[in-house]
Amino acid sequence: MSDDVRTDIAEAARSFGITPEDYMLPARHLIRIVDQDGKVLSTEEQGAEPGHDYPVPADEDLLEAYRRLVAGRRINDQNSALVRQGRMAVYPSSHGQEACQVAAAACLGEGDWLFPTYRDTVAVISRGVDPVEAMTIFRGDWHGGFDPRQHKVGIQSTPLTTQLLHAVGVAHAARLRGEDTVVVALCGDGATSEGDFHEALNFAAVFHLPVIFFVQNNQYAISVPLARQTVAPSLAHKAVGYGMAGERVDGNDLVALLAVLERGVRLVRGGAGPLLVEAHTYRIQAHTNADDATRYREDAEVQEWLAKDPVKRMRTYLTDRGLLTEELQSRYEQEAEDIAAALREGMNRESTPDPQDLFAHVYSVPTPQLAEQSAMLAEELSREEAS
Amino acid sequence: MSTTQNTDAGPRPGSAQTGPDTGEITVAVDAARESTTRAGGAGIPQPRPESPAAPVPAGPVTMAKALNAALADALSADAGVVVFGEDVGTLGGVFRITDGLAARFGTDRCFDTPLAESGIAGMSVGMAINGMRPVIEMQFDAFAYPAFEQIASHIAKMSNRTRGALPMPIVIRIPYAGGIGGVEHHCDSSEAYYAHTPGLKVVTPATVTDAYLLLRAAIDSDDPIVFMEPKKLYFSKDRVDLDALREQYESGASAGAGPRAALESGGAAVARTGTDATLIAYGPSVPTALAAAAAAAEEGRSLEVVDVRTIVPFDDATVSESVRRTGRAVVISEESGFASVASEIAARVQERCFHSLAAPVLRVTGFDIPYPAPKLEHHFLPGVDRILDAVDDLQWED
Ligand SMILES: Cc1ncc(C[n+]2csc(CCOP(=O)(O)OP(=O)(O)O)c2C)c(N)n1
Ligand SMILES: [Mg+2]
């Protein structure tokens, strides 16, 4: 490593609030601004290193984020209901994690990119993707339903952490073209054990790229608790080995999440190198509708986390501050209902995917073999129709 | 030479100045290195037209040099092309295929990454999403396996999953196959894994000219292409004028039958014409098939050799046309035979040419064993004798 690079990293460490003595150790405490009862904590209690500010976002940004939070909760519950009614194949709900979902999208500018997982539908919709288009994948019509380039949102990725490397590639291409694109890449706690997690963080650090790896630590990977993934002091500590800063934040505190991620975006856009953010949160519902969470966790634990609900907390906080009126609240609820109605309408509409689409887009031009197979299917279909 | 001490067929310390020293690779320069200039067939480059500006006759060029020139010309032609991988920058690749590119085009266009093949492939996906044409190098066949998830789950499928919104114009270059006395993990014929994966195209040149033209076309293609380079042919030579090839490619002179068309709908080439039986081969096996055909000719048997060139898309038309004409076929490849590309070819020929066949289609492939240690590899590889034995078995008389 050249001395140049070292100076770079030391400076980055400083800007992230890490003392040179601690080198890359993550900030000591979880950043939390609003407690679980919706009360603002004193500056000393918020967890920031002395001299490092996590400014509370502007009032209108808080309200806008809350609006999306209300919608996000409604979207989660509507989708789960649609699965129960047999309208969708599967839905991995982020119920309980909506603050993370909203913040992951809210911190980005228009030219920035988001790389989500299967769990991050609410983040995808928060970024502006049409809810019905976003649900195409879970409805079973096609593997993806929106144009990733239009919204600068990657296709929801199921092979764990593979998308983190795509985020790195997008950031690197942007850098080569002299663009200041920031990329937020999402994954879960269990996924941090995958090889691509390691490779992506290392690549981002070595190439000094503006990527924020945002881990939603919801304590479980399907049934497997975090203790079986790692014995590191925290997931944020994993940043140390890559020469990257790591932070921890209360993942059910939307105010803290916005503060941490917006600060992160500002710093990485300014050239500080990548950042790892670990949010502590909880998946209130089962992994998917196909999962039975009672087989691996106690109800008492779920109850404990229900008391930390991110929506209720934010509502109390905004009401106490006099920002959220009854009128606004009912407007947000109505908007959420409208989205839910559109989802019901969209999912209840009969869809008939065209079988000939199977052969489109495998290659830019169908190969002779695919042309033959497509003709064979067409003939089968026309025989079916005739009989 | 030592075949067991040098794990990677890379340069030994202090040998970097002496040209393309690739360790044990140097022993690969065997009889099969003779020029394999073609006799006819689709997309075969014509002899260089007399150019008044360049009276000097074309000198011998290695396949390695042709690949290097193709990369350089692609980097010049398209600012979106980027080349990256392990040791491809300063060193120029362990086989020197990227020699001089970083110096000429800068380290933004040709660069080394950390040692992580999944990382290289995954990063190329992101760069393709963001408008670039990545050309990535896997250092050796067996070291591409860590990248398989990114290749199979994303590179191959992304365009399909997004209904064409995110095409993946990525070229994955893989030096492959044996015959170089390499130790384990350096000699795998891994083409079947990729050929079995819908969404990928799989291309492998056997001549210096094809190496240039197919690589250029692969880089320009919007489909992801696994470009498999027979490492035993890297230092095979042919008299080729690289400037003329560039002009030919960039002017699209051979459009229709050229390399772009080959990548679109399959582009096998008849490497040697014959009348009695067809040998179907690709990549490292083409020179062996040609040598077998030459030996058979001395015994009065006329064998045609078809060079598959594009495993995917497969050129059923050229292959079937040849087999229908000769009535007999042997498929030759270095891979283990079970569930192999050779098996697929044999099945396709059987389905299409059954009524023209005088004998079952036979396969001459590697055994169904892990690639052997250097001292035993000659027993594994399809050689001239084994090919001629198979030809003898094609139910000739009585
Ligand atoms: C490479 C890979 N291995 C296994 C799976 C199956 N799988 C899907 S989700 C999941 C758990 C992931 O847990 P975590 O990363 O904590 O995310 P969460 O589901 O809790 O949001 C597993 C094992 C997968 N999708 N990809
Ligand atoms: Mg989890």
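A few remarks follow.
- Hey, B:Phe235 in contact (Cβ under 8 Å) with a residue 40 or more places away in the chain, open to solvent by 20 Å² or more (accessible area, probe 1.4 Å) and of a type in the set (Phe, Trp, Tyr) or not: yes
- Residue count for the range B:343-373, restricted to those that are in contact with a Cys (Cβ under 8 Å, 6 or more places away or on another chain) and of a type in the set (Asp, Glu): 0.
- For the range A:103-116, the criterion of a residue being at pLDDT 95 or above and within 12 Å of ligand 1 (Cβ to nearest atom) is satisfied by at least one position.
- Each residue in the range A:152-211 was checked for being of a type in the set (Phe, Trp, Tyr), outside any loop (DSSP other than H, G, I, E, B) and away from ligand 1 (no atom under 15 Å from the Cβ), and 1 of them qualify.
- Exactly one residue out of A:Asp354, A:Asp338 is out of contact with any helix residue (DSSP H, G or I) (no Cβ under 8 Å at 6 or more places or on another chain) and within 14 Å of chain B (Cβ to nearest Cβ): that is A:Asp354.
- Residues located in the range A:99-111, provided they are away from ligand 2 (no atom under 16 Å from the Cβ), crowded, with 24+ Cβ neighbours inside 10 Å and not aliphatic (A, V, I, L, M): A:Cys107
- Complete set of residues in the range A:153-176 that are facing chain B (nearest Cβ under 8 Å), without any contact (Cβ under 8 Å) to a residue 40 or more places away in the chain and not hydrophobic (A, V, I, L, M, F, W, C): A:Pro159, A:Thr162, A:Gly169, A:His172
- Top-ranked residue of the range A:193-216 - restricted to ones that are among the polar types (S, T, N, Q) and under 14 Å from A:Leu160 (Cβ atoms), ranked as farthest from the other protein chains (Cβ to nearest Cβ): A:Gln216
- Only listed residue being β-branched (Val, Ile, Thr), within 14 Å of another protein chain (Cβ to nearest Cβ) and in a strand (DSSP E or B), chosen from B:Ile311, B:Ile280: B:Ile311
- Residue, farthest from ligand 2 (Cβ to nearest atom), within the range A:141-199, restricted to residues that are over 22 Å from A:Val102 (Cα atoms) and small (Gly, Ala, Ser): A:Gly178
- The one condition in (1) touching a Phe, Trp or Tyr at 6+ places or on another chain (Cβ under 9 Å); (2) surrounded by fewer than 24 Cβ atoms within 10 Å (Cβ to Cβ); (3) hydrophobic (A, V, I, L, M, F, W, C) that A:Val231 fails to fulfil: (1)
- When the range A:140-151 is limited to residues that are part of a loop (DSSP other than H, G, I, E, B) and facing another protein chain (nearest Cβ under 8 Å), the one that is surrounded by the most Cβ atoms within 10 Å (Cβ to Cβ) turns out to be A:Gly144.
- Selection count, the range A:116-139, where residues are over 20 Å from A:Thr288 (Cα atoms), part of a loop (DSSP other than H, G, I, E, B) and either within 14 Å of chain B (Cβ to nearest Cβ) or open to solvent by less than 20 Å² (accessible area, probe 1.4 Å) (or both): 1
- Flag for A:Val240 being assigned to a helix (DSSP H, G or I) and either open to solvent by less than 30 Å² (accessible area, probe 1.4 Å) or away from ligand 2 (no atom under 16 Å from the Cβ) (or both): yes
- Residues in the range A:181-190 that are open to solvent by 10 Å² or more (accessible area, probe 1.4 Å) and more than 13 Å from every other protein chain (Cβ to nearest Cβ): A:Gly188, A:Gly190.
- Pair list, Cβ under 7 Å, 6 or more apart: the range B:368-386 residue over 13 Å from B:Gly182 (Cα atoms) and at pLDDT 95 or above, other residue of a type in the set (A, V, I, L, M) and not in a loop (DSSP other than H, G, I, E, B): B:Pro382/B:Ile332; B:Pro382/B:Val364; B:Val384/B:Ala291; B:Val384/B:Ala292; B:Val384/B:Ala295; B:Arg386/B:Val364
- Listed by position, the helices (runs of 4 or more DSSP H) enclosed by the range B:122-224 that each have at least 3 residues that are more than 30 Å from B:Gly59 (Cα to Cα) and either open to solvent by 10 Å² or more (accessible area, probe 1.4 Å) or away from chain A (no Cβ under 12 Å) (or both) are B:158-161, B:191-195.
- Among residues of the range B:103-121 being β-branched (Val, Ile, Thr) and closer than 14 Å to A:Gly169 by Cβ, the one that is nearest to the other protein chains (Cβ to nearest Cβ) is B:Thr113.
- A single member of B:Pro287, B:Pro313 is under 22 Å from B:Thr209 (Cα atoms), at pLDDT 95 or above and in contact with a Pro (Cβ under 7 Å, 6 or more places away or on another chain), and it is B:Pro313.
- Flag if B:Ala177 is in the same structural domain as B:Val361 (by TED's automatic domain parsing) and at pLDDT 95 or above: no
- Set B:Tyr234, B:Tyr176: member being closer than 21 Å to B:Phe367 by Cα, under 13 Å from the mean Cα position of the chain (by Cα) and aromatic (Phe, Trp, Tyr): B:Tyr176
The values are calculated or read from the model by the stated rules, or taken from the named source; none is laboratory data. Small disclaimer: the values here were computed from a predicted structure and weren't measured. As a convention, Cβ positions derive from the backbone with ideal geometry for all residues, glycine included, and neighbour counts pool all protein chains shown. Ligands, DNA and RNA are excluded from the accessible area calculation, which covers all protein heavy atoms including side chains. Shrake-Rupley method; radii C 1.70, N 1.55, O 1.52, S 1.80 Å.
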